[in-house]
Amino acid sequence: MDGQKVIVIGAGISGLATVYYVKKKRPQARVVLLESSGRIGGKIKTVRRDGFLIECGPEGYMARKPTLTKLIKDLGLGDQLVRSNTGTYYIYVNHRLRRMPEGSVMGIPTKLLPMVTTGLISPIGKLRAGLDLLIPRVYQDRDISLAEFFGRRLGPELVTNMIEPLLSGIYNGNLSDMSLEATLPQFAAIEKKHRSLILGMKHIQPPKQAGAPKKAEGRFLSLSCGLDVLTEKLASFADDVMLNTPVSHVEPGKAVLSDGTAIEADAVILATSPKQLGPLLDFPEAWGLTNDKRTTTATVAMGFKKASVESLDGTGYVVSRKEGLNITACSWMDRKWPYTAPEDCALVRTYVGTAENAAIVEESDEAIEEKALTDLRKVGKIGTPLFSVITRQIDNMPQYTVNHNQRVQAFEQALENRKGVYACGAMLHGVGLPDCVDNAMHVAEQVGMDLKVKEKAVIE
Ligand SMILES: Cc1cc2nc3c(=O)[nH]c(=O)nc-3n(C[C@H](O)[C@H](O)[C@H](O)COP(=O)(O)OP(=O)(O)OC[C@H]3O[C@@H](n4cnc5c(N)ncnc54)[C@H](O)[C@@H]3O)c2cc1C
């Protein structure tokens, strides 16, 4: 039926993928994308400068999750897909960089020898981690924090020196808040099946190939043309893109803009940032998600002449919080993604801001750059940057705290009572780009089915 209209709110990857999938399901429907800022992409932002390609938000995504790769190929960008280079990863702890022990997965040891010989953990810490082989199950089908789960299984030292820096590098959160069920359900499942994490992780390691060892492959994919090419391409599927158009309220059948204008539609899909659900929908379960924790962070990307940066084999490091630095991690981007810097240059990306140290993100660019450089120089030799690009996410990083899944379930049930209103996005079912795309695809499928039913009802 001609004349059906769909509004998508938010032009991050979630909203953009929703636009694409809705258009695929209902090509005749008019899809209008409303975005409060002046640009497409949300957290995805690519800057090109002096031969550098700088990803200011996500740099790539987990290759093992297939939906995004399929989407990229369907859009004709498959020839731009690149796999990350592999390399040693380090942890900065006890004032020096130490290699992540071979065979550790998210900081959990699966091989004995590298663990016994690593300087990351004291002999007592190692013995305590070994108790994992003996102690009973910790997870009892009731959500607990990652700190409680890993702390009770593997002991505080392994958590502080290995697991915590790695996970907070990924989630930017505090392990004492973060939900086991929502962030790392696979570890709850391993414990359930094998009781011991160390033994269980051994079982899920891929079997070694017979014959010559295959070259290890990077676990991440990205686009050598820049991730913004993907977002621009997705946006081109919308019939209308309205930038600088903040929505202030949503109800069945319409979205109300901040200037009071109401835009009517058959379906309204929210794909906004995490704190917007409560204000836009104004029901208790939506506020339940909005009132959950969010964190603040900034990426500091700096270009250097290669000669002025210490040449370590590897792709970067995370920093143990007990070191008291402002930086939480550092990626040697040109090692991981060689196309991101000219041949004779290096691109270093570091991160500042944690739940406990959010104020630094509000400081001036100059102050952030100086503090980041001071810390980087404590870790290794680094010269004067050619330039820096600082990108802030203020109160905009969703945290899945304990019982997050229950809050999402309650929210989605309540949303079902608001006919024609839908939601997707990183605050619901996963923060990774592939998770956002999966979620967008499912919501678009539901929208497509509901529009079909509505169309049939009108015809009859
Ligand atoms: C520094 C950083 C590094 C990351 N690295 C990775 C990585 O390497 N791999 C990975 O998979 N993931 C990574 N992530 C996570 C991933 O980027 C995000 O989870 C994902 O991009 C979120 O997409 P989204 O569309 O759900 O939300 P957003 O990108 O936040 O988009 C929401 C959009 O809604 C708009 N909006 C908000 N309110 C309104 C309103 N009232 N009216 C209209 N529009 C509104 C916003 O302006 C925004 O454009 C990273 C995130 C950050 C910040």
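Simple spin-label estimate for A367 and E232 gives 3.5 nm between the two label positions (7 Å along the Cα-to-Cβ direction from each Cα).
Taken one residue at a time, the phi angles of the stretch 131-136 give Karplus couplings (6.51, -1.76, 1.60, θ = phi - 60°) of 4, 3, 5, 10, 6, x Hz. Gly and Pro are set to x. If the segment from R219 to A414 were pulled out straight at 0.36 nm per residue, it would be longer than the present Cα-Cα gap by 66.5 nm.
The stretch 47-111 and the stretch 361-376 have Cα centres spaced 24 Å apart. For the stretch 247-257, putting each phi into the Karplus relation 6.51 cos²θ - 1.76 cosθ + 1.60 with θ = phi - 60° gives couplings of 8, 10, 7, 10, 9, x, x, 7, 10, 9, 7 Hz, in residue order, rounded to whole numbers and with x for Gly and Pro. Based on the Cβ-Cβ distance from Q406 to R96, what FRET efficiency comes out when R0 is 45 Å, to the nearest 0.05? Between Q406 and R96 the formula returns 0.60.
Figure note: L289, L133 ranked by solvent-accessible area, largest first, 1.4 Å probe, ligands and nucleic acids not counted: L133, L289.
If you take the Cα centroid of the stretch 441-460 and the Cα centroid of the stretch 280-333, the two points sit 40 Å apart. Label-to-label distance for K24 and K65 is 1.6 nm, based on points extended 7 Å past Cα in the beta-carbon direction. The largest accessible area among I459, I7 belongs to the first residue in I459, I7, and the rest follow in falling order (1.4 Å probe, all chains).
Along the stretch 296-311 the Karplus relation, 6.51 cos²θ - 1.76 cosθ + 1.60 evaluated at θ = phi - 60°, assigns HN-Hα couplings of 10, 8, 9, 9, 10, 9, 10, x, 9, 6, 4, 5, 9, 10, 4, 9 Hz to successive residues, with x for each Gly and Pro. For the pair E460 and I394, what calculated FRET efficiency results from E = 1/(1 + (r/R0)^6), where r is the Cβ-Cβ distance and R0 = 35 Å, to the nearest 0.05? About 0.10, to the nearest 0.05. In this calculation the C-beta distance from N291 to T117 is compared with R0 = 35 Å, giving a FRET efficiency of 0.15.
Of the accessible area of the chain, with the probe set at 1.4 angstrom, what percent is carbon plus sulfur?
54
So what is the 222 nm mean residue ellipticity for the chain from helices alone, if each DSSP H run of at least 4 adds -39500 (n - 2.57) and you divide by all residues, rounding to the nearest 500 deg cm²/dmol? About -10000 deg cm²/dmol. Normalised per residue, the accessible area of the chain is 44 Å², obtained with a 1.4 Å probe and no contribution from ligands, DNA or RNA. One compactness figure for the stretch 287-439 is 1.28, namely its Cα radius of gyration divided by 2.2 N^0.38 Å. Computed with a 1.4 Å probe over protein heavy atoms only, the accessible area of F220 comes to about 60 Å². For the chain, what is the Kirkwood estimate of the hydrodynamic radius, computed as the reciprocal of the mean inverse distance between distinct Cα atoms, to one decimal in Å? Every distinct Cα pair counted, the radius reaches 23.5 Å. Taken about its Cα centre, the stretch 295-398 carries a charge dipole of about 340 debye when Lys and Arg each add +1 at the Cβ and Asp and Glu each add -1 at the Cβ.
Secondary structure note: in the chain, about 70% of the DSSP beta bridges are antiparallel.
The values are calculated or read from the model by the stated rules, or taken from the named source; none is laboratory data. Computed from a prediction, not measured in an experiment: that's the story for all the values here. Cβ coordinates were reconstructed from backbone atoms using ideal geometry, including for glycine residues, and neighbour counts include every protein chain displayed. Heads up: the accessible areas ignore ligands, DNA and RNA and are worked out on the full protein's heavy atoms, side chains in. Shrake-Rupley method; radii C 1.70, N 1.55, O 1.52, S 1.80 Å.
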